[in-house]
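Down below is the structure, laid out as structure tokens.
The values are calculated or read from the model by the stated rules, or taken from the named source; none is laboratory data. None of these values were measured; they are calculated from a predicted model. When we count neighbours, we look across all protein chains shown, and the Cβ atoms used for this are built from the backbone with ideal geometry, even at glycine. What goes into the accessible areas is simple: the full protein's heavy atoms, side chains included, and nothing from ligands, DNA or RNA. Shrake-Rupley method; radii C 1.70, N 1.55, O 1.52, S 1.80 Å.
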Amino acid sequence: MTAQRPGLLVITPALKDYDWGDAEYIPRVLGLTATGAPVAEAWYGAHPQGPSAIDGCEESLLDRLAAEPAAWLGDALAARGEGLPFLVKFLAAARPLSIQVHPDAAQARAGFEREDAAGVPRDAPWRCYRDPRAKPELILALGSFEALCGFRADDELRAALRRQPELEDLSALCGRGWNGQRALLERWFELADEDVRARQGALVGRLSTASLLTDAERLLLRVAEAADDDVIGDRGLLFTLLLEHVHLEPGQALFLRAGVPHAYLRGAGLEVMGASDNVLRAGLTNKHVAPEELARIVRFAAGGAWRVVPEVDAIGALRYPTAAREFELSRLDLAAVGGTARWRCEGPEILLALEAAGGTRLSVRVGDEQAVLGAGAACLVAHGADVGVSGAGGLARVRVP
């Protein structure tokens, strides 16, 4: 007798209560009772730090994929031995996340091997590279969303710093392209902690009583107010003047290439990323900051080019093209395609039902298997499956390109 071919698994997310999280958005989408405690992220995938649960089963998605890798992932992905290469998240931020960058594949591999050779424990708080993989990210706004992403243009950066007498020596380093940006960061991280605290304390105090402020200065004050009590001594506060302030409306997306400094400030979005833990932080955090390694991988280039313009694909979905090898995101509005869509999976896919004004109720069928998804519900579909979707609402489709 031929074994039944894997079809789909309904999965439920792992929730993360990071302190920057919003207390209401994710509970509302998932139909949970809001308790007032932050719910920052809901993870859909097989990441070891938060694998999804399989409905009606004590086994996690991580366990199932480890037991049957080729059946669900396909031979090519299974042969890599790395599991599902992407992670899908609802993210809801009430206050800023850390300023951070991610390495590319070559940097991650070299850094991982270097720290292993040096005997740095893989779970050490000061470790920079926890795995040998890149961590590209795409954020799709599900409401009004704000972020910092990429350096400001040289003239804007220089003008922003020249307005601040506390930073006069730093402004003199600008105007030489990426060499100036590198010199500025190196100088900033060379300063003694007491000097940083004195400068930023004076800066925030002066701006707090000023009558005319630029957008960047207002943002700096807002971030300082939203962050923890020790933000005056946190070198990440300066990055509100250095990085481009990006506003996204629902349906707009931002792609974070390797090396691009960024931080999410507030709002709700759907985040898709490579399944990696490699994060190098520059500030706005109580976690480890590694200035020398940060300078090694930071991409010194102006922002603005990181926005993603969607394209209509073969089934009528909006596809968000990026340079990532680990994932591709499409967003399908069932009403726009007559209420039904069909396609064949060329690799594993996560299908996630999105909120819609008229309500969301989607039927996903693979062979004889069927799953009915309301907003926030998701399923993993196996490599090689023929999928049929019908109903009302929106659907996020994440797959390997």
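For the condition farther than 26 Å from residue 230 by Cβ, modelled with pLDDT under 95, open to solvent by 50 Å² or more (accessible area, probe 1.4 Å) and in a loop (DSSP other than H, G, I, E, B), residue 122 qualifies. For first residues located in the range 204-225 and part of a helix (DSSP H, G or I), partners that are surrounded by fewer than 16 Cβ atoms within 10 Å (Cβ to Cβ) and among the hydroxyl-bearing types (Ser, Thr, Tyr) and lie 6+ apart or on another chain with Cβ distances below 6 Å do not occur. The set of residues in the range 344-354 that are in contact with a strand residue (DSSP E or B) (Cβ under 7 Å, 6 or more places away or on another chain) and either small (Gly, Ala, Ser) or surrounded by fewer than 20 Cβ atoms within 10 Å (Cβ to Cβ) (or both) comprises 344, 347, 353. For the range 179-235, a residue qualifies if it is within 30 Å of residue 18 (Cα to Cα) and of a type in the set (Val, Ile, Thr), and the qualifying residues are 196, 204, 223, 231, 232.
The set of residues from the range 143-156 being in a helix (DSSP H, G or I) and open to solvent by less than 70 Å² (accessible area, probe 1.4 Å) comprises just one member, 154. If you go through the range 283-312 and keep only what is part of a strand (DSSP E or B) and not basic (Lys, Arg), you end up with 283, 289, 302, 308, 311, 312. Could you list all residues from the range 128-142 that are open to solvent by 10 Å² or more (accessible area, probe 1.4 Å) and farther than 17 Å from residue 48 by Cα? Across the range 128-142, the qualifying residues are 128, 136, 142. Among the residues making up the range 188-220, a single one is under 25 Å from residue 290 (Cβ atoms) and among the polar types (S, T, N, Q): 200.
One line per residue, one yes/no per condition, for (1) surrounded by 22 or more Cβ atoms within 10 Å (Cβ to Cβ); (2) among the hydrophobic types (A, V, I, L, M, F, W, C); (3) in contact with a Ser or Thr (Cβ under 6 Å, 6 or more places away or on another chain):
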residue: 205; (1), (2), (3): no, no, no
residue: 210; (1), (2), (3): no, yes, no
residue: 213; (1), (2), (3): no, yes, no
residue: 242; (1), (2), (3): yes, yes, no
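When residue 232 is tested against the conditions (1) buried (at least 20 other Cβ atoms within 10 Å of the Cβ); (2) touching a Lys or Arg at 6+ places or on another chain (Cβ under 9 Å); (3) in a helix (DSSP H, G or I); (4) not basic (Lys, Arg), the lone failure is (1). Quick check: is even one residue across the range 171-192 open to solvent by less than 30 Å² (accessible area, probe 1.4 Å), at pLDDT 95 or above and assigned to a helix (DSSP H, G or I)? Checking the range 171-192: at least one residue is open to solvent by less than 30 Å² (accessible area, probe 1.4 Å), at pLDDT 95 or above and assigned to a helix (DSSP H, G or I). Report, by residue number, each residue of the range 315-336 that is outside any loop (DSSP other than H, G, I, E, B) and either of a type in the set (S, T, N, Q) or touching a residue at least 24 places away in the same chain (Cβ under 8 Å) (or both). 318, 320, 328, 329, 330, 331, 332, 333, 334, 335 - these are the residues of the range 315-336 that are outside any loop (DSSP other than H, G, I, E, B) and either of a type in the set (S, T, N, Q) or touching a residue at least 24 places away in the same chain (Cβ under 8 Å) (or both).
When residues in the range 260-282 are screened for being part of a loop (DSSP other than H, G, I, E, B), open to solvent by less than 10 Å² (accessible area, probe 1.4 Å), in contact with a strand residue (DSSP E or B) (Cβ under 7 Å, 6 or more places away or on another chain) and within 26 Å of residue 330 (Cβ to Cβ), 1 of them pass.
Looking at 292, 311, which one is more than 21 Å from residue 44 (Cβ to Cβ), among the charged types (D, E, K, R) and modelled with pLDDT of 90 or more? The match here is 311. Scanning the range 334-343 for residues that are closer than 18 Å to residue 7 by Cα and open to solvent by 30 Å² or more (accessible area, probe 1.4 Å) returns a single hit, 342. Taking the listed residues 299, 325, 331, the one that is out of contact with any Gly (no Cβ under 8 Å at 6 or more places or on another chain), among the basic types (Lys, Arg), open to solvent by 50 Å² or more (accessible area, probe 1.4 Å) and under 30 Å from residue 148 (Cα atoms) is 325, with no other qualifying.
Among residues of the range 337-354 that are in a helix (DSSP H, G or I), none has a Cβ under 9 angstrom from a residue that is among the hydroxyl-bearing types (Ser, Thr, Tyr) and open to solvent by 70 Å² or more (accessible area, probe 1.4 Å) at a sequence gap of 6+ or on a separate chain.
The residue pairs whose first member lies in the range 25-49 and is under 22 Å from residue 356 (Cβ atoms) and of a type in the set (Gly, Ala, Ser), whose second member is at pLDDT 95 or above and assigned to a strand (DSSP E or B), and whose beta carbons are closer than 7 Å, counting only pairs six or more residues apart or on different chains, are 42/15; 42/89; 42/90.
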